[in-house]
1. Given the protein chains as shown and a 1.4 Å probe, how many square angstrom of GLU101 are accessible, to the nearest 10?
2. Taking a ≥ b ≥ c as the square roots of the eigenvalues of the Cα gyration tensor of the range 33-131, is the shape rounded (a/c under 1.5), prolate (a/b larger than b/c) or oblate?
3. Excluding ILE114 itself, calculate the net charge of residues whose Cβ lies under 14 Å from the Cβ of ILE114, where each Lys or Arg counts +1 and each Asp or Glu counts -1.
4. Got a sec to turn the phi values of the range 39-48 into Karplus ³J(HN,Hα) couplings, 6.51 cos²θ - 1.76 cosθ + 1.60 with θ = phi - 60°, whole Hz, x for Gly and Pro?
5. Is the C-alpha gyration tensor of the range 140-194 telling us rounded, prolate or oblate? Criteria: a/c under 1.5 is rounded; beyond that, a/b larger than b/c is prolate, otherwise oblate.
6. Using only Cα atoms, locate the centre of the range 132-191 and the centre of the range 228-246, then give the distance between them in Å, rounded to an integer.
7. With a ≥ b ≥ c taken as the square roots of the eigenvalues of the C-alpha gyration tensor of the chain, please select rounded if a/c is under 1.5 and otherwise prolate if a/b is larger than b/c or oblate if it is not?
8. Before I look further, what does the chain give for accessible area per residue, probe 1.4 Å, in whole square angstrom?
Amino acid sequence: MIKRVGIAFRPLLEAMRDLSPIVLVIVFFQLVVLKQPIPDLANILAGLLFVLLGLALFVRGLEIGLFPLGESMAFAFAKKGSLLWLLLFAFLLGFGTTVAEPALIAIAKKAADIAANGGFIAQNAQAINDYATGLRLTVAFSVGLAILVGVLRILLGWPLPWLIIGGYLLVIGMTQIAPDEIIGIAYDSGGVTTSTITVPLVTALGVGLASSIEGRNPLLDGFGLIALASLMPIIFVMAFGIWMAA
């Protein structure tokens with residue numbers, strides 16, 4: 001009975017451990033450095049409790065559902081032996097999870113508003129919406145392509161360092177010719193694309209695929225998809241900015 005209770009509360013205890021450094025930093029700077037009381041303490045404590053419960057349930061949900069689902073689908077695709085369906089699934093997985101990512105929606109809308117205020121695009125609702133939608137679709141397409149390339153890398157044994165080094169050399173080159181207004185957005189887009197849904201599913205897909213293919217090492221070949229998913233949007237968003245400025 002005690003063991004079952006311990007297992008049930010394990011995600012909650014782990015969530016408390018993960019959140020405690022953030023809480024301690026905020027409390028220290030608020031009380032010691034700023035020397036101000038914590039405002040609206042009751043609501044902050046309630047919010048912290050919700051975050052704690054949500055994080056614990058989210059992590060437990062990943063362990064129960066998404067990780068096994070990603071690995072089982074990878075094994076099923078490898079057993080089916082259809083390269084076309086596997087690559088299509090990889091692309092749509094990256095595209096679908098990214099296009100609905102709240103962080104990407106927020107940064108695309110903010111970028112469109114600033115672009116309109118700066119005279120980069122027309123200052124009307126239609127132009128702002130088109131710019132934000134175009135930016136979101138560009139990033140989503142790039143992530144889908146990145147996952148597709150990552151799956152090909154696992155299947156064909158391409159070395160990951162060469163892909164990453166080559167990609168960032170391209171990024172450096174494009175930075176020299178891209179409009180200044182898009183460079184910061186492009187670099188930030190690489191960070192907001194790896195969402196809380198994309199990461200576990202893509203990681204499970206990579207590890208499961210590497211585990212199911214003879215001659216592949218899950219530790220060496222199963223990881224690296226997320227790095228490609230962070231790199232590719234930088235390239236495509238700068239290309240989007242160059243095209244918009246043309």
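The values are calculated or read from the model by the stated rules, or taken from the named source; none is laboratory data. As the structure is a computational prediction, the values presented were derived from the model and not from experiment. Cβ: placed from backbone, ideal geometry, glycine included. Neighbour counts: every protein chain shown. Quick note on the areas: whole protein, heavy atoms, side chains included, nothing else; ligands and nucleic acids left out. Shrake-Rupley method; radii C 1.70, N 1.55, O 1.52, S 1.80 Å.
1. So the heavy atoms of GLU101 present about 30 Å² to solvent.
2. Note, shape of the range 33-131 comes out oblate.
3. Details: positive: LYS109, LYS110; negative: ASP113, ASP180, GLU181, ASP188.
Taking every Cβ under 14 Å from that of ILE114, the sum is -2.
4. With the stated coefficients, the range 39-48 comes to x, 6, 4, 4, 5, 5, 5, 5, x, 5 Hz.
5. Values: a/c = 3.02, a/b = 1.66, b/c = 1.82.
Oblate, because a/c is 1.5 or more while a/b does not exceed b/c.
6. Rounded to whole Å, the Cα centres lie 7 Å apart.
7. Numbers: a/c = 2.07, a/b = 1.05, b/c = 1.97.
Taking the square roots of the gyration eigenvalues as a ≥ b ≥ c, the chain is oblate.
8. Values: 13930 Å² over 246 residues.
Result: 57 Å² of accessible area for each residue.
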